[in-house]
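The values are calculated or read from the model by the stated rules, or taken from the named source; none is laboratory data. Just so you know, these numbers come straight off a predicted model, no measurement behind them. With ideal geometry, Cβ positions are generated from the backbone for all residues, glycine too; neighbour counts draw on all protein chains shown.
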Amino acid sequence: MRFIHVLLIGFMLSGFGVSAQKGKPLMEFSSKVHDFGKLKEEKGKQVYSFEFVNKGTSPIIIKNVRSSCGCTSPNWSKAPVAPGQKGFIKATFDPKNRPGPFNKSITVTANTNPVVSILRIKGSVTPRVKTVRDSFPRLMSGLRMVNNHLPFYKVKNNEVKEAVMEIYNDTDSAMTVTFRRIPQHLNIKVVPETLAPKTRGKIVAVYDASKKRDWGFVTDYIDILVNGKFAPRNRYTTSATITEDFGKLSEEQLAKAPKLEFSERVFNFGELTQGEKAEHAFIIKNTGKSDLLIRKTKASCGCTAIAPQSKIIKAGETSELKVVFNSRAKRGRQNKRITVITNAPKNSSIDLRVMGNVVMPKVN
C-alpha cells in the first residue's frame, strides 16, 4: 500500500508540473537559423524574419532582443502575442565593409520557458570591387589620399625612420604636390614630382628623432600645396612615439640604472562641484643606483596641471609630482591620464590616473 501511495503522489506531482508547463507561454520557431548564403556587399542591407507561434496558454511578451554585433539590427513583435497567434523577430544584416563569412547570434528574452532563445544568421559576403574613392577617401583640391595622417609609430630617440603613403591625382591635368611649414626633423617629398592625370604616386617622409628632441607621443602639422596653391583644410599630420634607446646598455650599466617607483598610481578625488579644484601629490622614488631624470610629463586634458618638484631625483631619494585637476566646464565621471617619461630602462613611461565625479552646483 505504501508503494502505491508513493506512486500516486509521484503521478500527481508530475501532472501538476505538466499543467504548470502548459500554462506558460511557449515560443516555437519554425527555424532558429537562417543562412543568407553568398551576399554581394554592394547589394546593401539584407532582412530575414524569424516567425514563431505561441503554443502556450497565455500571451508572450518579448522583453528584449539583442544582437551580437552592430552589423545586425533586430526588430520584433512589440504587442503581446496571444496563444495560437504568430509573432516575429526580424534581423537586418548590413554587409557593408564586412567581407568574408559571418555567423551572428540574436538573443531573445521573453516571459517564456526557457526565458532566453538564441537565433542565428550566417552567410558569406563577397567584397565589392574598390573604387578610387574607396582606396583614397581623403580629397584635397583634386589630390586623393589614403589619409591625412602619416604615423611613424614607435621611433627611438636616435633613429631615422621612413614612412610611405600612396596618393592619387583625380584630375584630368598634371599635378605637382609640395609642402610648407616642414619642421627640421622631417624630410618629405612626393614621388614622382609631377603626377600625371588619373595616376598614383606616393608621399615619402623621413623622420629624424634626434632632431625632434622630444619624448612620447608627438605630432606635427604640415600644409599641402597643390599646383603651388594652399586651400583651407589642406593640412597633413605626422605623428610618432619617441622612446629612449636602451638597447645598447651593457648588463653593468643596466644594473646601475635608475628605477622609478610610485607609491600610488591612481588619485580618486571623490566628488567635486563644477568649478572646484582637486590637488594631489604623487610620491616618486628612485630605487636605482643613478640619477632619475624626468624627461617629460603630459596630461591627457588641459584641465590637469602638472608640476614636478624636481626633474632630477638622486638614487634612493623621493620627490613629488603635484597635479591640480580643474573641474571647470566638466560634468559627470572623469578619468584623466598623466604620462611620466623618464630615463629608467625598465619602465621609462608610466601612466597615472586622476579620477572622480563632477556634479553641478545646487540651485537654491
* Structure fact -> Given (1) farther than 30 Å from Ala163 by Cα; (2) surrounded by 15 or more Cβ atoms within 10 Å (Cβ to Cβ); (3) β-branched (Val, Ile, Thr); (4) at pLDDT 95 or above, Thr238 misses just (1)
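Tell me the residue from Val129, Val125 that is under 30 Å from Gln46 (Cβ atoms), among the β-branched types (Val, Ile, Thr) and in a loop (DSSP other than H, G, I, E, B), please.
Values: Val125 fails: in a loop (DSSP other than H, G, I, E, B).
When all the criteria are applied, what remains is Val129.
Pick from Arg120, Arg98: which is in a loop (DSSP other than H, G, I, E, B), surrounded by 13 or more Cβ atoms within 10 Å (Cβ to Cβ) and not small (Gly, Ala, Ser)?
Being in a loop (DSSP other than H, G, I, E, B), surrounded by 13 or more Cβ atoms within 10 Å (Cβ to Cβ) and not small (Gly, Ala, Ser) holds for just one of Arg120, Arg98, which is Arg98.
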* Asked: Would you say Arg265 is basic (Lys, Arg) and buried (at least 16 other Cβ atoms within 10 Å of the Cβ)?
  -> no
* To do: Given the conditions (1) touching a residue at least 24 places away in the same chain (Cβ under 8 Å); (2) of a type in the set (Gly, Ala, Ser); (3) at negative phi, report the number of the one that Ala174 does not fulfil.
  => (1)
* To do: Check off (1) at negative phi; (2) part of a strand (DSSP E or B) for Lys78 and give me the number that stays unchecked.
  => (2)
* Among residues belonging to region 180-215 that are within 29 Å of the chain's Cα centre (by Cα) and in a loop (DSSP other than H, G, I, E, B), point out the one that is surrounded by the fewest Cβ atoms within 10 Å (Cβ to Cβ). => Asp214
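Return the only residue of Val218, Val177 being aliphatic (A, V, I, L, M), farther than 30 Å from Thr297 by Cα, part of a strand (DSSP E or B) and outside the structural domain of Lys298 (by TED's automatic domain parsing).
On the way: Val218 fails: farther than 30 Å from Thr297 by Cα.
Being aliphatic (A, V, I, L, M), farther than 30 Å from Thr297 by Cα, part of a strand (DSSP E or B) and outside the structural domain of Lys298 (by TED's automatic domain parsing) holds for just one of Val218, Val177, which is Val177.
Take the conditions among the hydrophobic types (A, V, I, L, M, F, W, C), within 26 Å of the chain's Cα centre (by Cα) and surrounded by 12 or more Cβ atoms within 10 Å (Cβ to Cβ) and apply them to Met145. Does it pass? Steps first, please.
Details: among the hydrophobic types (A, V, I, L, M, F, W, C): yes; within 26 Å of the chain's Cα centre (by Cα): yes; surrounded by 12 or more Cβ atoms within 10 Å (Cβ to Cβ): yes.
For Met145, the condition - among the hydrophobic types (A, V, I, L, M, F, W, C), within 26 Å of the chain's Cα centre (by Cα) and surrounded by 12 or more Cβ atoms within 10 Å (Cβ to Cβ) - is met.
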* To do: Working only within region 269-313, note down all residues that are touching a residue at least 60 places away in the same chain (Cβ under 8 Å), loosely packed, with under 14 Cβ neighbours inside 10 Å and either acidic (Asp, Glu) or assigned to a strand (DSSP E or B) (or both).
  => Gly270, Glu271, Thr273
* **Complete set of residues in region 314-348 that are touching a residue at least 40 places away in the same chain (Cβ under 8 Å), closer than 16 Å to Val359 by Cβ and surrounded by fewer than 17 Cβ atoms within 10 Å (Cβ to Cβ)** => Asn326, Arg328, Ala329, Arg331
